[in-house]
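I have placed the structure first, in the form of structure tokens, so that the comments after it can refer back to it.
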């Protein structure tokens, strides 16, 4: 099953929380933005995707975010960059399956597998999916 | 002698079987809502098993008995708060009560350039209705400056009050910093310029003896669920003449004497004129049981217990350099803090993992960030059944620290 140990998953989450390389405003025009905020957490973020010719060329996010939302959104940006829209949608779908403890295709989730335990803290599912829901919103009509 | 362990036996939620994350539940979110003693639950159930009938709407015995019970409940709440029975309006809670003043009183009487005084520490329910009234009437919302402890003082009210002040609305005890505000003296100042005083009692009425007549405020709002009562019921207590002058806001059955094709409607007298539609009757019976329960315990005992726990927690936490406390002087059963370099919600998740329920974030007081210098905090809040052991669990958890990701991986 999973190839990541608990220690590795912790390290991945902490690394992307402490040093979220995709947490910034878009470097140029042309990005599509979706704003999302959480009802019960302070998370209040903009997610930006640059989609050209059916490919997610770049992804970034910015705003106020807790450890879980920062890290999960940062990892998502890494994962979606360079993917065709259909692939990106598939990855997002599989991530949601994982978060909700349904069967999922772990082969596409890479570092985002670190969030497999989110359901242990059910109140934080929203934090672990906020950026993913924003990306889904941007991609849904594409 | 107040015996917290005896009190705890009254609460099914504290029977030792309730777990969180597989651990014994330590409930420190009482500023959000409180547990209910068995007698409140029984009173509510009894409505459904023994007394079910509407009120004000028929001539049979069962319904008459219900009318009597609603009246008894109103009397009990009036006695608890020291008002007249006909000054107690049943609402769905504190939020509905403040909205009723905003849309029943303020919307009717305020005009362009009139002023509404609130503070930046107020809960959303005491901010947003006034924003709406200001938009609709052209009145202005002004803010009472806070003192060095982020407290509202009569002296600072004097700095902003003027002949344009028509309403001053503040929480007697704030839901984040929990300082007790001298609303009695603020009411005097506001009355001198002809304004009315609205008191949000959501965090004060459940925790200390409040005397509506002695405070001489014009309106007092509170919720039952923060004082051992049911959700979905609360009260607006208002001076009768003011209630009488207000718009009813909601029209419907039970609030009118008559209406006709020419579009006229004659409302009943207060409080009935504000109670359109079938009321939350089970909730009203539970509310009565809750205030009677608190009276038996004694509100002075409740307040003293809160203060003792606050002092105890403060004495234990002062040695922990990682904990930043934002309300060291308030002594009202609420401790608002952050752990250095940890986002409040992540800390709350770690505490959840240890079985400790606290609130985190902005606590619906979204203008407070500038005053306290942070945009989110953790809030631990106590009530009459909170023990020193509960406080110890929090203190130990904060002393242990731990990685916020323990909540996901341990």
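Could you give the alpha-carbon Rg of region B:136-234 over 2.2 N^0.38 Å, rounded to two decimals?
So region B:136-234 has a normalised radius of gyration of 1.11.
Neighbour counts of other C-beta atoms within 10 Å: give me B:227, B:314, A:8, A:36 arranged from fewest to most.
Result, fewest neighbours first: A:8, B:314, A:36, B:227.
Going by alpha carbons, how many degrees (0 to 90, nearest 10) lie between the helix axis of A:85-99 and the longest principal axis of chain A?
Compared with the principal axis, the helix lies near 30 degrees.
Any chance you could give the angle, 0 to 90 degrees and rounded to 10, that helix B:388-400 forms with the longest Cα principal axis of chain B?
Approximately 50 degrees, to the nearest 10.
Would you work out the relative contact order for region B:195-272, in percent, from Cα pairs under 8 angstrom that are 6 or more residues apart?
Over region B:195-272, the number comes to 21 percent.
Could you give the distance between the Cα centres of region B:244-263 and region A:1-59, to the whole Å?
54
Wrap a convex hull around the Cα atoms of the protein assembly as shown, take a quarter of its surface area, and give that in square nanometres.
30.2
What do you get for Rg/Rh over region B:1-102 if you use C-alpha atoms and the Kirkwood form of Rh?
Answer for region B:1-102: 1.06.
Taking just the alpha-carbon atoms of region A:6-139, what radius of gyration and Dmax come out, in angstrom?
13.5, 39
What order do you get for A:109, B:384, B:351 when you list them from fewest to most C-beta neighbours inside 10 Å?
Least crowded to most crowded, the residues run A:109, B:351, B:384.
Out of all DSSP beta bridges in chain B, what portion is antiparallel? Express it as a percent rounded to 5.
60
So if I take the centroid of the Cα atoms in region B:149-186 and the same for region B:297-368, what is the distance between those two points in Å?
23
If one takes the longest principal axis of the Cα atoms in chain B, at what angle in degrees, from 0 to 90 and to the nearest 10, does the Cα axis of helix B:299-317 lie?
30
Which of these, B:62, B:281, B:28, has the largest mean-square fluctuation under a Gaussian network model of chain B (Cα springs below 10 Å)?
So, out of B:62, B:281, B:28, the one fluctuating most is B:62.
When only C-alpha pairs under 8 Å and at least 6 residues apart count, what is the relative contact order of region A:6-139, in percent?
That works out to 28 percent.
Cut-off 10 angstrom, C-alpha nodes, Gaussian network model of chain B. Which of B:291, B:266, B:237 fluctuates the most?
Comparing B:291, B:266, B:237 in a Gaussian network model of chain B, the most mobile one is B:266.
Over region B:41-296, what is the relative contact order in whole percent, taking alpha-carbon pairs under 8 Å and six or more residues apart?
Taking the mean separation of contacting Cα pairs over the length of region B:41-296, I get 24 percent.
Among DSSP beta bridges lying fully in the protein assembly as shown, give the percent that are antiparallel, nearest 5.
Of all bridge pairs located within the protein assembly as shown, approximately 70 percent are antiparallel.
So what's Rg/Rh here for region B:41-296, counting alpha carbon atoms and using the Kirkwood radius for Rh?
Rg divided by Rh gives 0.99.
Sort B:379, B:74 by Cβ crowding within 10 Å, fewest neighbours at the top.
Ascending number of Cβ neighbours within 10 Å: B:74, B:379.
Distance between Cα centroids, region B:198-241 to region B:376-409: provide it in whole Å.
Cα centroid of region B:198-241 versus Cα centroid of region B:376-409: 30 Å apart.
Given springs between every Cα pair under 10 Å in a Gaussian network model of chain A, which of A:22, A:53, A:117 has the largest fluctuation?
Highest fluctuation of the listed residues: A:53.
Each value in this text was obtained by applying a stated rule to the coordinates, not by laboratory testing. Only a predicted model underlies this, so the values are computations on that prediction, with no experimental measurement involved. Quick reminder, even Gly has a Cβ in these numbers, built from the backbone with ideal geometry, and neighbours come from all protein chains shown.
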